[in-house]
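The values are calculated or read from the model by the stated rules, or taken from the named source; none is laboratory data. Nothing here was measured: the structure is a model prediction, and the numbers come from that model. Every residue, glycine as well, gets a Cβ built from its backbone with ideal geometry; the counts of neighbours run over all protein chains shown.
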Amino acid sequence: MLSKNILIASGIGLVCVAIAIGIILFVQRGAHLDLPGNILKVRTATIEEGSVIAMIDFRVSNTSDYPAVVRTVRVYAQAKNGGRLEGTVISDIDSQRVFDGIPLLGKKYMKSLVLQDKIPGHALWDRMIGARFDIPEDEFQQRKGVIVSIEEIDGNIYEIAEGAAK
């Protein structure tokens, strides 16, 4: 009879623990910061021999309940051989000048993602970033993809890759 009581008490205890774990996980579901996104468009132009400028339109969303503050933004071109070439990021003011000076790129439709931008929780943003790469445009066009790397103020790095995650 004692063993039956122990089994019943143990079963009730396990159910209580499972319920407590479920409640904790449910309450914490929005506490994990994540910034998924995708590259919408990459516009390029040669600015001098052996140098190309890329204007990248992308979409980023903050799936957490908390704001994400941008510490740095980097742009990489992923070469055919798998290596990464880091581009020199163009400031927001200079990117407007680039669009004004190179009509081939079209218009600047979106705001640039800049340092200290605060992406609110559950927000979806369309932004752009410009970068200069010291490679010829034809070599840049043969890339596997472009990667926008966003470092959040807490040091977490989130990457948005051109096309499917590469």
* To do: For residues that are surrounded by 15 or more Cβ atoms within 10 Å (Cβ to Cβ) and of a type in the set (Asp, Glu), scanning just the range 51-99, find the one that is farthest from Ile157 (Cα to Cα).
  => Asp92
* Is there a residue in the range 41-50 that is more than 26 Å from Lys144 (Cβ to Cβ) and among the β-branched types (Val, Ile, Thr)? -> no
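Out of curiosity, is Lys107 in the same structural domain as Gly145 (by TED's automatic domain parsing), free of Cβ contacts under 8 Å to residues at least 60 places away in the same chain and basic (Lys, Arg)?
On the way: in the same structural domain as Gly145 (by TED's automatic domain parsing): yes; free of Cβ contacts under 8 Å to residues at least 60 places away in the same chain: yes; basic (Lys, Arg): yes.
Here the answer is yes, as Lys107 does meet what is asked.
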* Asked: Which of (1) part of a strand (DSSP E or B); (2) closer than 16 Å to Ile90 by Cβ; (3) of a type in the set (A, V, I, L, M, F, W, C) is the odd one out, the single condition Ile160 does not satisfy?
  -> (2)
* Answer yes or no as to whether Lys111 is exposed (fewer than 15 other Cβ atoms within 10 Å of the Cβ) and out of contact with any strand residue (DSSP E or B) (no Cβ under 8 Å at 6 or more places or on another chain). => no
* At least 2 residues that are within 17 Å of Gly130 (Cβ to Cβ) and among the β-branched types (Val, Ile, Thr) in each: list the strands (runs of 3 or more DSSP E) lying fully within the range 23-109 that qualify. => 37-48, 51-61, 68-78, 88-90
